[in-house]
Amino acid sequence: MAALSILTKRQICYTIPITVITKDGEYMILRIDFNSDEALYMQLRNQIIIGIATGRIREGDTLPSVRQLAEHISINMHTVNKAYSVLRQEGFVKLDRRKGAVISLDLDKQRMLKEMKQEIAVVMAKGICKGVQREEVHDLVDEIYDLFANWEEG
């Protein structure tokens, strides 16, 4: 019974300000939803990729150490390590023994287009099954692309 009360008292979604060492001394916000079906390491990965896409994190910026981030969010270090490892495999960070996880973009556009096609294909198939029309998809893609392409601070 005690375990149940602990679980129910845990916040469902944290908005966590994570300080990222940038050239301008900026920080980014990671949104972690402990109630989500999506694995925590994937949420971390996705939030960091969004930070890069929106310019909040830039080439050469250093992410918090695995230990620092794990302690700050109160999750297992292996979860953060897995997120950083996936980011490394996908060409978003380099792991440096002295500096930790450093944003270092692998600009292989052809590989990225291939990966995007594979991921979008599944999402499109799901949408078609639910009756989403071509025009709605085009509008949605334009909206999302513009969100990242025109990201502004305000």
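Going by accessible surface with a 1.4 Å probe and the largest first, V132, V93, V66 read V132, V66, V93. Taking all protein chains as shown and a probe of 1.4 angstrom, F92 keeps an accessible surface of around 40 Å².
Across the protein chains, with a 1.4 Å probe defining accessible surface, the residues I57, I50 rank I50, I57 from largest area downward.
Loop-located trypsin sites (Lys or Arg not before Pro) in the range 69-110 (DSSP state not H, G, I, E or B) with no more than 14 neighbouring Cβ atoms inside 10 Å: R97, R98, K99.
The values are calculated or read from the model by the stated rules, or taken from the named source; none is laboratory data. On a predicted model such as this, the values are computed, not experimentally measured, just so you know. All Cβ positions, glycine included, derive from the backbone under ideal geometry; neighbour counts span all protein chains shown. Note: accessible area is taken over every heavy atom of the protein model, side chains too, but ligands, DNA and RNA are not part of it. Shrake-Rupley method; radii C 1.70, N 1.55, O 1.52, S 1.80 Å.
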